[in-house]
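These notes are about the structure you will find just below.
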Amino acid sequence: MGRKNRRNRRKDQRPAVQRTPAEEEERRRAREQAAWDGGYAEIVKENKLFEHYYQELKIVPEGEWEQFMSALREPLPATIRITGYKSHAKEILHCLKEKYFKELQDIEVDGQKIEAPQPLSWYPDELAWHTNLSRKIIRKSPDLEKFHQFLISETESGNISRQEAVSMIPPVLLSVQPHHKILDMCAAPGSKTKQLIEMLHADMDVPFPEGFVIANDVDNKRCYLLVHQAKRLSSPCVMVVNHDASSIPRLLVENNGAKEVLYYDRILCDVPCSGDGTMRKNIDVWKKWTTLNSLQLHGLQIRIATRGVEQLAEGGRMVYSTCSLNPIEDEAVISSLLEKSEGSLELADVSSEIPGLKWMPGITHWKVMTKEGQWFDKWEDVPTSRHTQIRPTMFPCDEEKIKGMNLHRCLRILPHHQNTGGFFVAVLIKKAPMPWNRRQPKLLRRPPTVAASVPVVNDAVEDVTETTDEPAAGTDNATNKDQSLKSCSNPTTDSTNKDNVCGPPPSKKMKLFGFKEDPFVFLSDADPIFPPIMKFYGLSSSFPKTNLLTRTQEGKKKQLYVVSKELRNVLLNNSEKMKVINTGVKVLCRNNDGEQYGCAYRLAQEGIYTLYPFISSRIVTVCVEDIKVLLTQENPFLSKFSSQTQKQTKDIDMGSIVLKFEPDPQKPDTLQCPIVLVGWRGKTSIRSFVPKNERLHYLRMMGVEVFKEKKENSRNTNPESEVILDQTEVEDMDCVKKDKNMPENKDCDANDTDEEGSCMSAAASDCLEEFITDKEGGSFTGVKQEKVPAILEESNMDCPESDSKEQR
């Protein structure tokens, strides 16, 4: 018998130790405390090479070096951002100010009195707040348990984002409007993507904005984390794709029957970086920092930025950002890009767009240092043996060129100026096509017979055929050019003619990694499942039924999703060149017993705000007390509701319904935001189909206290599972009998690719932040890569953002 088997046998033969629940809880707390105390105990926050390097470059103003280093050694304070596009953002802000922030002022943690949270002066509408609490203190302090659970619940329901302050800057500087087409090139884990989605939906009365967000990431597994984040906002205008950002394919869209290249109005280029601006939260950087990281990433950063400006529309804006202070990753990349653009790009002056933010202007002179500490002032000084490691683009241009680039318009945020992390941002405006896109396309040098078969589209014919960069940019090769030409000139091979099916790209043309994705199948005009839905819910004729899609080609359509018409256009015309992970918002779910009630599909809470403007039937207007009953009782009888609600439901047949609350402006002390819930009219009762965290959110907005302290004798329980309702406010939920005519309260099935938070298990032991704060090679610390999607699927805990981009 092997040693391992003998050890396991001896373990099985040991008598089980009987412990009381109190003893088990004490052991659990001791393990947690040991983990906190021992996690980074051996890491000394010192790095002489780091100090020598930045002192020599003089990026910190004279006389501020000690403050700079002292700030880096302090834990990063927590910042939270309220989701701004939802109509109840004001209610959340009011709840934070009047309840949770006031409670924080009287608390001391480890002998330190907690300061009152303050709004970020440069973020609009007081929607971002800064505290002096670190993430560690919030999670471990019993006095902050209620505030911590509030953050967990509101984050999971998409109303709050726990995001580092400096990472909020790039989306603000993009100046997004609802009609903009946006590309987020390196999007995971998704905090900035969520900001972009919010800006698209600035007007909540418009369910389908003209613009959209395409969020890309190179790591397949991080894409699923990105989906998890984006789904909290339930937008039909988001698509998550999986590509190398330095060679992300150029997409085509159909316009008046002709194909044209898709150019983006806004591009966020938050590139992978060495992350030395994140030392306050990623303590590992202290011991791992070396100049070699920057030297290795510089080329990739230039390739990604080059690919971005190629796909930017003229007059469009691209924000380049890193969480690094190193000019090799910052100014060197920008100056190289400006030099090769030959006047097509310019740096924008955005100093007036973020009043209140303290920042340092970009520098115009810097040097390059090897990991051994050897300095080089210019490329000519670099020995031949170093040419593979050090490149000419890492050095400043000559003085005349540097002056014309206006590098002082770049923004470098230093940690000690406003108690933040370190960050770098540059905003680029595209004035003309890039020089290599203005050259004569190969198409015009071909025989006339071939050229005649290609449609001319808005003076962009060279971009339809010339879809690649220069060879030096490291993008698509000549084979892809021919494939792009073929897809434009031969309409019979187009994906639009394949019965509205957008499958994954064929393996012969693109090597795929990660999990196989189901196809996206759009409903046809003649699909028999839609007329009963339209009749049952009284859907308006203006509803874009051709934008409905499923993720299966065979069998019954279990879930129906909806996308905007612009994303439908992108999907249908690019399925062979694009790997789509997820898109659309779920609006309808199949109910196996639903046909006997008149419709086989019930409404889904996830997409109700998108679908509601088109519904004219089966709407019940409810009051605040009715909402409380619906959200606190599993299956309340009709007699529990107000007489007005009972009267409205009397003539409604059994099946899915919409429950709408309209605020009363004459009563300013009551809830002042509209609420739309999905419900089910049973034979003798009504129930709501709302995920747990969303239930808690609405109750909180109505003034119902939803948290109680943990029980002392609880054993290995999830903090969120201990959230209970205040019995003085609501009735006992266990006394309600189940209505046999009610379907199960879940919005997904085991085969659904993109399940929502209500279907995630509450048994996950901890939050996802452990899997994203220490990334290397795209993997998640402490978790086997093949297990990550399962973890995302099972977790129902808070997922704070980690915006640092380390080397992949």
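Considering only alpha-carbon pairs that sit under 8 angstrom and 6 or more positions apart, the relative contact order computed for segment 284-353 is 32 percent. Taking 7 Å steps out from each Cα toward its Cβ at His417 and Lys401 produces label points 2.8 nm apart.
Estimated from the Cβ-Cβ distance and a Förster radius of 45 angstrom, the FRET efficiency linking Lys136 and Asp377 is about 0.60.
For segment 421-432, 3J(HN,Hα) computed residue by residue from phi via the Karplus equation (6.51, -1.76, 1.60; θ = phi - 60°) reads x, x, 7, 9, 9, 9, 10, 10, 10, 9, 9, 7 Hz, glycine and proline entered as x. Put a dot 7 Å past the Cα of Gln118, heading toward its Cβ, do the same for Ser352, and the two dots end up 2.6 nm apart.
These residues, Leu347, Leu292, go from largest to smallest accessible area, 1.4 Å probe, as Leu292, Leu347. In this rough spin-label picture, where each label sits 7 Å from Cα along the Cβ direction, the Lys650-Gln672 distance is 3.6 nm.
Taking amide H atoms as placed 1.01 Å from N in the peptide plane, the amide H of Ser351 has no partner under 5 Å among residues 5 or more positions away or on other chains.
The H on the amide N of His180, modeled in the peptide plane, is under 5 Å from the matching H of Gly211, each at least 5 residues off or on a different chain.
Toward the positive end of the charge dipole of segment 196-328, with +1 on the Cβ of Lys and Arg and -1 on the Cβ of Asp and Glu, the farthest Cα among Pro236, Asn326, Leu200 is that of Asn326. The phi-based Karplus calculation (6.51 cos²θ - 1.76 cosθ + 1.60; θ = phi - 60°) puts the 3J(HN,Hα) values of segment 407-415 at 4, 5, 7, 5, 10, 10, 9, 9, x Hz, whole numbers, x for Gly and Pro.
The distance separating the Cα centre of segment 295-325 from that of segment 78-143 comes to 34 Å. Whole-Hz Karplus values for segment 661-668 come out as 10, 10, x, 9, x, 6, 10, x Hz, taken residue by residue from phi with 6.51 cos²θ - 1.76 cosθ + 1.60 and θ = phi - 60°; glycine and proline positions read x. Note on His417: accessible area is roughly 40 Å² with a 1.4 Å probe, heavy atoms of protein only.
Pairs from the list Lys48/Lys288; Lys146/Lys231; Lys136/Lys231; Lys192/Lys430 with a Cα-Cα gap above 20 Å: Lys146/Lys231; Lys136/Lys231; Lys192/Lys430.
Full extension from Gln105 to Ser385: what is 0.36 nm times the residue separation minus their Cα-Cα distance, to one decimal in nm?
Taking 0.36 nm per residue and subtracting the Cα distance, the gain is 94.8 nm.
With 0.36 nm allotted per residue and the present C-alpha distance subtracted, the Glu634-Leu292 stretch has 117.3 nm of extension available. Near the amide H of Cys410, within less than 5 Å, lie the amide hydrogens of Gly362, all on another chain or at least 5 residues away, with H placed in the peptide plane.
The values are calculated or read from the model by the stated rules, or taken from the named source; none is laboratory data. Remember, it's a predicted structure, so these values are computed and weren't measured experimentally. Here Cβ is always computed from backbone atoms with ideal geometry, including for glycine, and neighbour counts include all displayed protein chains. Side chains included, ligands, DNA and RNA excluded: accessible areas come from the protein's heavy atoms. Shrake-Rupley method; radii C 1.70, N 1.55, O 1.52, S 1.80 Å.
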